[in-house]
Every structure is written in structure tokens, then in C-alpha cells.
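J.: Supplied in C-alpha cells, the structure appears directly below.
The values are calculated or read from the model by the stated rules, or taken from the named source; none is laboratory data. Given the structure is predicted, the values throughout are model-derived calculations rather than measurements. All Cβ positions, glycine included, derive from the backbone under ideal geometry; neighbour counts span all protein chains shown. Side chains are part of the model used for accessible areas, which takes the heavy atoms of the whole protein and leaves out ligands, DNA and RNA. Shrake-Rupley method; radii C 1.70, N 1.55, O 1.52, S 1.80 Å.
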Amino acid sequence: MLAKHGGVPIRTKPWVPTFISSEEFDDMEKSYVMRVLEKKRVFRFYGEGLQDSEAAKLEQLYRERTQTDHALAVNAGTSALVSALVGAGIGPGDEVIVPAYTYIATAAAVLIARAVPVIVEIDETLTMDPAAFEAAITPYTKAVIPVHMRGTPCQMDEIMAIARRRKLAVIEDVAQANGGSYKGRPLGGIGDAGCFSFQQYKVVTSGEGGMVVTNDAELQARASVYHDCAVTFWGVEPTARIPSFAGENYRMSEIQAALGLAQSEKIDSVVARLRKAKQMIVEGIADVEGIQLQRVPDPDGDVSYSLVFFLPDGQRALAFSELLSAEGIPNGTIHNNGFADRHIYVNWDYVLDKRGATPNDTPWNCASYKGNVQYDKNMCPRSLELLGRAISVSVHQSTTSEDCQDAIEAIRKVAAHMAQAENGTSLQNQ
Ligand SMILES: *Cc1c(COP(=O)(O)O)cnc(C)c1O
């Protein structure tokens with residue numbers, strides 16, 4: 001009998017820890033951070049010991065990991081996106097295409113760069129639909145931000161082909177997919193720039209932090225200028241090569257960098273454990289009738305901390321979710337789950353309302369903007385429909401085979417019950 005109806009739940013132990021990143025903290029993080037304190041050198045650009053900067057080491061690691069020529073450490077993923085956009089020459093008058101399902105920061109970064117975000121549908125991969133991207137291109141479009149949501153690589157072949165044909169910059173948002181790849185290429189190293197976040201909810205953390213990687217020397221120089229309003233005065237390359245302009249202060253501290261370095265050296269090990277666990281659950285439920293697994297463009301490159309499957313409609317998804325929770329496997333539908341999820345465009349209030357810090361100065365009413373983007377809550381019905389019937393279960397690097405078996409058993413039990421209920425058997429008799 002289902003736990004919801006008084007039966008024995010499959011699982012009573014807690015499911016997985018909230019964080020992937022900080023669960024890995026050990027002596028390595030401690031020693032890396034202590035090294036900075038012992039050096040008494042916490043400011044990245046302090047002239048003494050510039051060669052031994054932890055931020056410079058972190059950049060070197062990300063160049064190697066993403067097979068790119070340049071990397072810029074910054075203080076957040078949002079800062080990375082803004083720096084990359086400004087670096088790519090995006091500004092007032094320009095439109096940038098973003099998916100309907102991403103953290104609000106992606107759209108906010110476009111606005112901070114003084115450009116206008118254009119919101120497009122996702123598909124059953126839960127990432128940007130390449131056809132929707134192409135259909136949204138206008139004479140004002142300058143860039144697209146594919147977001148590798150929940151560790152799932154985007155359909156990069158299709159997106160890159162469209163972007164190259166239409167001469168648009170591609171800024172990958174890798175905030176949720178550090179350690180992932182697409183057809184053997186590291187995420188972040190495929191587009192014109194890749195942007196990482198090291199906030200605690202991500203795969204690796206430095207508390208707060210971010211990284212831009214690129215093969216474009218001009219983009220790198222402009223992003224560097226933007227990440228520090230005085231960077232040209234520190235005498236560091238590559239900013240000397242271009243005329244300076246006003247930037248923000250997005251610098252990363254040496255303490256953040258040291259923490260990020262220890263964490264980032266563990267990514268491959270963490271991702272290998274995540275993949276093993278997710279693959280086991282996927283194999284265990286692949287033949288279950290009535291549910292459909294999320295389509296993952298390159299399963300080998302999936303970071304694999306998120307297991308998602310679809311029910312035929314939102315009502316069944318809510319019912320399934322409740323029954324699965326009662327069996328001891330925490331989960332949720334992604335949309336209509338009782339809270340205003342900031343990852344779904346309908347909850348991006350200041351974007352939909354075109355609201356800036358002051359009424360007279362927004363990217364939408366800026367004199368150089370000639371487009372006419374419109375927003376409303378029903379603009380991406382397919383995205384809402386998909387997210388409303390998607391059920392997500394978190395996978396963690398500490399997930400054991402027994403944990404996987406519990407998840408498989410619980411999902412199979414609930415699916416079997418739902419199938420029987422569909423066939424007319426009374427729920428009470430189960
Ligand atoms: C977390 C996140 C960001 C922003 O990163 P911060 O470090 O919090 O600024 C951007 N995009 C996506 C998809 C994210 O998940």
C-alpha cells in the first residue's frame with residue numbers, strides 16, 4: 001500500500017544533503033585558505049607576490065579545464081555574465097536572447113549591461129529551444145545566452161550553427177554546470193565566452209565568486225577593464241592593450257580564490273560520483289510506463305545532480321510528486337510547486353514590468369534602443385507546461401547504491417499505482 005494511504009514508506013532515512021560543494025570541504029580547503037592568511041596577501045593585485053596570486057592560479061586551472069586561452073576571476077556568476085557581455089561589446093540598443101528557464105541573474109546581467117533581454121521557450125531538454133532562439137532574432141540581436149540548466153548541456157551544435165550564421169555572440173551560462181561537457185568539449189569553452197559561478201548552491205564554491213573564460217583576446221581585455229574601475233593602474237595584462245572605460249568592482253579576493261581552487265581541483269571526482277548515482281537511477285526507471293525521462297543532449301556530459309522526468313500533465317505530476325514524497329523521496333514539480341521560483345520567467349517581476357532603478361533610465365526606453373520587445377506571463381506557454389509536469393529529484397555525490405535502489409523502488413511503486421488508478425481500479429484498494 002502507498003505510504004500516503006497508510007502503507008509503509010520505502011524510505012525513512014533523510015535523502016541527500018542540500019549542498020554538493022561545501023560537503024566536500026576537508027583539510028585541502030583549510031590548508032589552501034591558511035596559506036593565504038600566512039602570506040598576509042589577500043588582495044589579488046598587490047604588487048608584492050603578484051606572480052603567486054591564488055586568483056591567477058584559479059584562472060590558470062579554468063583555462064586548462066575549459067581548453068581556452070583566457071580566464072578572468074570575478075566575485076560572482078552574475079558579475080561574470082556582465083563582464084562577458086560588456087567584453088563582447090554588448091550595450092545600449094542591443095537585444096540578448098535568454099531562455100525562459102534560468103536563474104533571474106541571467107536576465108539581470110543583460111539589463112546591468114544596459115541591453116534588453118529577449119525571453120524564449122525551452123524544450124524537453126529544459127534548456128533553450130534552438131528553433132525558438134532563431135525565431136526571436138531581430139536586427140537588434142547581438143548575443144544569445146544558452147544556459148546549461150541543472151547540469152544539462154544545451155544543444156550547442158544547433159545553437160552555435162545558428163549564432164555563427166546570424167553573426168551573434170554566444171555567452172554560455174555555466175553557473176549550474178561546472179564540470180559538464182558537450183560531445184567531449186568542456187562547457188564554457190564552446191561559445192565566445194563561458195561564465196561560471198562559485199556560489200554555495202553550485203557544484204564548487206568559493207562562498208561567492210565567478211569566472212569568465214574565452215578564446216577572444218579583445219573580449220578578455222574589455223571584460224578585465226569592466227571588472228575593476230582601476231585595473232589599468234595595476235599594470236596587469238591584458239588591459240594595457242585597449243583604451244580604458246569605467247567598470248565596476250568585481251574583483252575576486254585571494255581567500256575566495258584559494259577556496260575555489262581547492263574545490264575546483266575536486267570537480268572531476270565529484271562529477272564522476274554524481275554520474276554513477278544518476279545513471280543507476282536512470283537505468284532503474286527507464287522502462288517505467290507513464291513517465292518520460294528528460295531528454296539530455298549529451299548524457300555523457302551531464303553533470304548529473306538532477307534527475308528529471310515528465311508526467312503526461314501537471315495534475316498527474318502534482319499527484320505523483322505528493323505520493324513520491326510520502327514514500328520518503330523528496331522531490332517537486334518545477335513549476336506550480338507552491339513558491340515563486342526565480343528560475344522561471346513568470347517570476348522575473350522587474351523584467352516583465354520593465355522596471356529599472358529609476359523610471360527614466362532603463363535599457364527599454366533608452367534612446368538608442370529601436371526594438372520593441374514585449375513581455376507577458378503567457379509568452380512561453382510550452383516552457384510552463386513542461387516545467388509544470390516535470391518532477392525533479394536531487395542526486396548527490398554521497399548517494400549510495402542503496403539510496404539509488406530506494407529511489408528506483410519508490411518511483412516504480414508510485415508509477416504502478418498511478419497506472420492502476422488510470423485503469424479504473426479504486427485508489428483505496430491499492
Ligand atoms: C547562480 C546562477 C547565476 C548567478 O551566479 P551568482 O554567483 O549567484 O551571481 C547565473 N546563472 C545561473 C543559471 C545561476 O544558476
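J.: Output the residues belonging to the range 23-55 that are in contact with a Ser or Thr (Cβ under 7 Å, 6 or more places away or on another chain) and basic (Lys, Arg).
T.: Arg44 - this is the single residue of the range 23-55 that is in contact with a Ser or Thr (Cβ under 7 Å, 6 or more places away or on another chain) and basic (Lys, Arg).
J.: Would you be able to say whether some residue in the range 202-217 is in contact (Cβ under 8 Å) with a residue 40 or more places away in the chain and of a type in the set (Asp, Glu)?
T.: Yes - at least one qualifying residue is present in the range 202-217.
J.: How many residues are away from the ligand (no atom under 16 Å from the Cβ) and open to solvent by 30 Å² or more (accessible area, probe 1.4 Å) if we restrict to the range 146-160?
T.: 2
J.: Out of Ala88, Ala80, I need the residue that is under 20 Å from Asp216 (Cα atoms) and within 11 Å of the ligand (Cβ to nearest atom). Which one?
T.: Of Ala88, Ala80, the one residue that is under 20 Å from Asp216 (Cα atoms) and within 11 Å of the ligand (Cβ to nearest atom) is Ala80.
J.: Answer yes or no as to whether Ser224 is open to solvent by less than 40 Å² (accessible area, probe 1.4 Å), among the hydroxyl-bearing types (Ser, Thr, Tyr) and more than 21 Å from Asp69 (Cβ to Cβ).
T.: No; evaluated as a whole, the condition is false for this residue.
J.: Check off (1) under 18 Å from Thr106 (Cβ atoms); (2) out of contact with any Phe, Trp or Tyr (no Cβ under 7 Å at 6 or more places or on another chain); (3) not β-branched (Val, Ile, Thr) for Glu218 and give me the number that stays unchecked.
T.: It fails just one condition, (1).
J.: Name every residue in the range 104-146 that is of a type in the set (Gly, Ala, Ser) and touching a helix residue (DSSP H, G or I) at 6+ places or on another chain (Cβ under 8 Å), in order of residue number.
T.: Within the range 104-146, Ala105, Ala107, Ala108, Ala109, Ala113, Ala115, Ala143 meet the criteria.
J.: Related question: Of all residues in the range 191-215, which are in contact with a Lys or Arg (Cβ under 9 Å, 6 or more places away or on another chain) and more than 13 Å from Gln263 (Cα to Cα)?
T.: Passing the criteria: Phe196, Val213.
J.: Val16 fails exactly one of the following numbered conditions: (1) touching a residue at least 12 places away in the same chain (Cβ under 8 Å); (2) within 18 Å of Ala193 (Cβ to Cβ); (3) out of contact with any Leu (no Cβ under 9 Å at 6 or more places or on another chain). What is the number of that condition?
T.: (2)
J.: What tally of residues in the range 268-291 results from selecting those that are open to solvent by 10 Å² or more (accessible area, probe 1.4 Å), under 19 Å from Leu126 (Cβ atoms) and in contact (Cβ under 8 Å) with a residue 60 or more places away in the chain?
T.: Matching residues across the range 268-291 total 2.
J.: Just checking, which of Met211, Met252 is within 14 Å of the ligand (Cβ to nearest atom) and in a loop (DSSP other than H, G, I, E, B)?
T.: Met252
J.: Specify which of the listed residues (Ala175, Ala135, Ala108, Ala163) is open to solvent by less than 20 Å² (accessible area, probe 1.4 Å), modelled with pLDDT of 95 or more and more than 11 Å from the ligand (Cβ to nearest atom).
T.: Just a single option satisfies the conditions, and that option is Ala163.
Residues are listed down the side, and each one gets a yes or a no for (1) in a strand (DSSP E or B); (2) under 20 Å from the mean Cα position of the chain (by Cα); (3) under 24 Å from Leu386 (Cβ atoms):
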{"residue": "Val110", "(1), (2), (3)": "no, yes, yes"}
{"residue": "Arg114", "(1), (2), (3)": "no, no, no"}
{"residue": "Pro139", "(1), (2), (3)": "no, no, no"}
{"residue": "Lys142", "(1), (2), (3)": "yes, no, no"}
{"residue": "Arg150", "(1), (2), (3)": "no, yes, yes"}
{"residue": "Asp157", "(1), (2), (3)": "no, yes, yes"}
{"residue": "Ala161", "(1), (2), (3)": "no, no, yes"}
{"residue": "Val170", "(1), (2), (3)": "yes, yes, yes"}
{"residue": "Gln176", "(1), (2), (3)": "no, yes, yes"}
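J.: Let me ask another. All but one of (1) in contact with a helix residue (DSSP H, G or I) (Cβ under 7 Å, 6 or more places away or on another chain); (2) in a loop (DSSP other than H, G, I, E, B) hold for Ile281; state the number of the condition that does not hold.
T.: The single condition Ile281 does not satisfy is (2).
J.: Residues of the range 376-403 being open to solvent by 30 Å² or more (accessible area, probe 1.4 Å) and of a type in the set (S, T, N, Q), which ones?
T.: Asn378, Ser394, Ser398, Thr400, Ser401
J.: Still on this structure, please answer the following. What number of residues within the range 361-375 are within 29 Å of the chain's Cα centre (by Cα) and either open to solvent by less than 80 Å² (accessible area, probe 1.4 Å) or of a type in the set (Gly, Ala, Ser) (or both)?
T.: 7
To keep it simple, each residue is scored yes or no on (1) farther than 27 Å from Met34 by Cα; (2) within 16 Å of the ligand (Cβ to nearest atom); (3) in contact with a helix residue (DSSP H, G or I) (Cβ under 6 Å, 6 or more places away or on another chain).
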{"residue": "Ala193", "(1), (2), (3)": "yes, yes, yes"}
{"residue": "Val204", "(1), (2), (3)": "no, yes, yes"}
{"residue": "Gly235", "(1), (2), (3)": "yes, no, no"}
{"residue": "Ala240", "(1), (2), (3)": "yes, no, no"}
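J.: Among the residues of the range 336-367, which ones are in contact with a Pro (Cβ under 9 Å, 6 or more places away or on another chain) and over 14 Å from Leu111 (Cα atoms)?
T.: Tyr345, Ala367
J.: Which numbered condition trips up Ala240, out of (1) in contact with an Asp or Glu (Cβ under 8 Å, 6 or more places away or on another chain); (2) among the hydrophobic types (A, V, I, L, M, F, W, C); (3) open to solvent by 70 Å² or more (accessible area, probe 1.4 Å)?
T.: So the condition that Ala240 fails would be (1).
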